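The values are calculated or read from the model by the stated rules, or taken from the named source; none is laboratory data. All values derive from a computational prediction rather than experimental measurement. Methodologically, a virtual Cβ is constructed for each residue, glycine included, from the backbone with ideal geometry; neighbour enumeration extends over all protein chains shown. Quick note on the areas: whole protein, heavy atoms, side chains included, nothing else; ligands and nucleic acids left out. Shrake-Rupley method; radii C 1.70, N 1.55, O 1.52, S 1.80 Å.
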Amino acid sequence: MAHFPNVPKIEYEGPTSKNPLAFKHYNPDEIVEGQTMRDFLRFAVCYWHTFRGTGTDPFGSATLQRPWDDGSESVENAVNRVDAAFEFIEKLGAPFYCFHDRDVAPEGATLAESQKNFATVASKLKEAQQRTGIKLLWGTANLFSHPRYMHGAATSPNADVFAFAAAQVKQAIEITHELGGENYVFWGGREGYHNLYNTDMKRELDHLARFMHMANDHAKSIGFTGQFLFEPKPKEPTKHQYDFDAAACLNFIRSYGLEDVVKLNIETNHATLAGHTMMHELEYARMQGYLGSIDANTGDLLLGWDTDQFPTDIYLTTQCMLVILKQGGLAPGGTNFDAKVRRESFEPVDLFHAHIGGMDAFARGTRIAAAIRADGVLDNFVAERYASYNDGIGKKIENGAASFAELESYMLEKGTPNGIQSGRQEYLENVINDYL
Ligand code: XUL
Ligand code: CO
């Protein structure tokens, strides 16, 4: 039975098409910098927003019509939902999807029952993957919704909660492995705190690191070679999330000997909540070799929380792709739409409009960023801006061959710096506009 009977397979029709159910810009076979857009972008649909979102907000109940879903927390409903999900992803033409354990299968009354539920739905997911060729970009475990996690999971002050979370992650890694998942994500959830009066921050961070090492040991023991990813987020639900931004995550990774184990999954709305741009977070991770994957979405300038909207802003996607192209792509990571339709967009077809818009926006960003890179307009400007370090005193500074004493005598002799140039910010903003 078709769950989206009025939606055909979404095809690329080019920029002149007026068909809302077609790509105007995402042409999966088009080659950009030596790779197809399909391979560069590696789009993924997220299970939690797209198939479990209901449209509730703090002031109102569910609005979203999902005719295939009976609204129950039964395993049968979870299994039936897989068919709708895979019909959607297949028609959209996204090569990947992502899930939390609790998105795909209901929590049971006991750990054993939860494990059984997850295993049952996982075999249905495996069948659907084999039938459609859709692959798992990453799996993760929901360590934040159940009341047992009210104080956190790996950072809970209660050791039994830590143990429960470990059992959950153990199975989530095993099922991710079984389904050929290419990455495994850790988002802190409630790994953070509200008040230091009741919190031993050092002990909590030590526990979080212990948890990661155990996850890695288990992954190795079962032969899972996928990439582990941390997903920085500064606040919400806790006031102080330990994985605040890329810099805080990298400090944690290096402090606890996790350098070879974890990279970062950078999300736009989390970057902006941290007071950064997405481009800043991407470049900060990339330049140190830690850019693993992205959660593509956007916040709202006028709203101060994680609204997780679909990205449609071409400036944003161009900035993302300037960094991603510089890295040569994201594989084995990808571009996961951790994004939801707004509660007023309640019809199933709105899910298509939302994803098509996000994919087209990223395709345009890719093409624009590639054109900017081909002309070298930014790269040449930046190279020129730092040229004083290419030889002479600058080269000695970079090589570690200069001392403060030498720099002092250099400057005493010279008297004053020369060659200071304009930063040309307005000019460069105009240049970017020329490419849009
Ligand atoms: C929460 C968030 C999560 C992670 C996966 O803000 O982004 O959905 O992506 O746990
Ligand atoms: Co996310």
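Condition test on Ile368, is it assigned to a helix (DSSP H, G or I) and closer than 26 Å to Met37 by Cβ? Here the answer is yes, as Ile368 does meet what is asked. In the stretch 40-51, the residues that are away from ligand 2 (no atom under 11 Å from the Cβ) form Cβ pairs under 7 Å with partners that are of a type outside the set (Gly, Ala, Ser) and part of a loop (DSSP other than H, G, I, E, B), at six or more places apart or across chains, as follows: Arg42/Pro95; Arg42/Leu330; Phe43/Pro95. Looking at Met287, Met212, Met201, Met278, just one residue is in contact with a helix residue (DSSP H, G or I) (Cβ under 6 Å, 6 or more places away or on another chain) and at pLDDT 95 or above, and that residue is Met278. Taking the conditions (1) open to solvent by 10 Å² or more (accessible area, probe 1.4 Å); (2) away from ligand 2 (no atom under 16 Å from the Cβ); (3) not β-branched (Val, Ile, Thr) in turn, Phe186 satisfies each one other than (2).
Scan the stretch 263-297 residue by residue and report those that are more than 15 Å from ligand 1 (Cβ to nearest atom) and of a type in the set (Ser, Thr, Tyr). Hits for the stretch 263-297 are Thr277, Tyr284, Tyr290.
Taken over the stretch 391-408, residues that are surrounded by 11 or more Cβ atoms within 10 Å (Cβ to Cβ) and part of a helix (DSSP H, G or I) amount to 8. Taken over the stretch 106-128, residues that are part of a loop (DSSP other than H, G, I, E, B), without any contact (Cβ under 8 Å) to a residue 24 or more places away in the chain and either in contact with a His (Cβ under 8 Å, 6 or more places away or on another chain) or among the hydrophobic types (A, V, I, L, M, F, W, C) (or both) amount to 1. For the stretch 89-117, a residue qualifies if it is more than 16 Å from ligand 1 (Cβ to nearest atom), over 22 Å from the mean Cα position of the chain (by Cα) and not polar (S, T, N, Q), and the qualifying residues are Lys91, Pro106, Gly108, Ala109, Leu111, Ala112, Glu113, Lys116.
When you scan the stretch 55-88, how many residues do you find that are touching a residue at least 12 places away in the same chain (Cβ under 8 Å), open to solvent by 60 Å² or more (accessible area, probe 1.4 Å) and farther than 20 Å from Ala2 by Cβ? Qualifying residue count, the stretch 55-88: 3. Is it the case, given these coordinates, that Ile173 is at pLDDT 95 or above and open to solvent by less than 10 Å² (accessible area, probe 1.4 Å)? In short, yes.
So how many residues does the stretch 119-163 have that are within 16 Å of ligand 1 (Cβ to nearest atom) and crowded, with 17+ Cβ neighbours inside 10 Å? Quick ask: steps written out before the conclusion?
Step one: of the stretch 119-163, the residues within 16 Å of ligand 1 (Cβ to nearest atom) are 136-146, 149, 152-155.
Those left that are additionally crowded, with 17+ Cβ neighbours inside 10 Å: 136-144, 149, 152-155.
Of the residues in the stretch 119-163, 14 are within 16 Å of ligand 1 (Cβ to nearest atom) and crowded, with 17+ Cβ neighbours inside 10 Å.
Looking only at the stretch 189-222, residues that are within 22 Å of the chain's Cα centre (by Cα), away from ligand 2 (no atom under 16 Å from the Cβ) and closer than 21 Å to Lys233 by Cβ come to 5 in all.
Taking the condition assigned to a helix (DSSP H, G or I), open to solvent by 30 Å² or more (accessible area, probe 1.4 Å) and among the charged types (D, E, K, R), does Lys91 pass?
When the stated conditions are applied, Lys91 passes them.
Considering the stretch 283-305, the residues that are part of a loop (DSSP other than H, G, I, E, B) and small (Gly, Ala, Ser) include one that is surrounded by the most Cβ atoms within 10 Å (Cβ to Cβ), namely Ala296.
Results for (1) in contact with a Lys or Arg (Cβ under 7 Å, 6 or more places away or on another chain); (2) of a type in the set (Ser, Thr, Tyr); (3) within 16 Å of ligand 1 (Cβ to nearest atom), shown as yes or no for each residue.
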{"site": "Lys220", "(1), (2), (3)": "no, no, no"}
{"site": "Lys239", "(1), (2), (3)": "no, no, yes"}
{"site": "Tyr242", "(1), (2), (3)": "no, yes, yes"}
{"site": "Arg254", "(1), (2), (3)": "no, no, no"}
{"site": "Leu258", "(1), (2), (3)": "no, no, no"}
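Within the stretch 308-351, take every residue that is among the hydroxyl-bearing types (Ser, Thr, Tyr) and open to solvent by less than 10 Å² (accessible area, probe 1.4 Å) and give me the one that is farthest from Asn183 (Cα to Cα). Filtering first and then ranking leaves Thr318. Candidates in the stretch 305-350 are the residues that are within 16 Å of the chain's Cα centre (by Cα) and small (Gly, Ala, Ser); of these, the one that is farthest from ligand 1 (Cβ to nearest atom) is Gly329. In the stretch 352-368, is there at least one residue being without any contact (Cβ under 8 Å) to a residue 40 or more places away in the chain and either surrounded by 13 or more Cβ atoms within 10 Å (Cβ to Cβ) or of a type outside the set (Lys, Arg) (or both)? No, the stretch 352-368 contains no residue that is without any contact (Cβ under 8 Å) to a residue 40 or more places away in the chain and either surrounded by 13 or more Cβ atoms within 10 Å (Cβ to Cβ) or of a type outside the set (Lys, Arg) (or both). Within the stretch 217-266, being open to solvent by less than 50 Å² (accessible area, probe 1.4 Å) and acidic (Asp, Glu) holds for Glu231, Asp243, Asp245.
His3 meets each of the listed conditions (1) surrounded by fewer than 19 Cβ atoms within 10 Å (Cβ to Cβ); (2) part of a loop (DSSP other than H, G, I, E, B) apart from (1). If you take the residues of the stretch 250-297 that are over 14 Å from the mean Cα position of the chain (by Cα) and within 15 Å of ligand 2 (Cβ to nearest atom), which of them is nearest to Met201 (Cα to Cα)? Going through the qualifying residues, I end up with Ala274.
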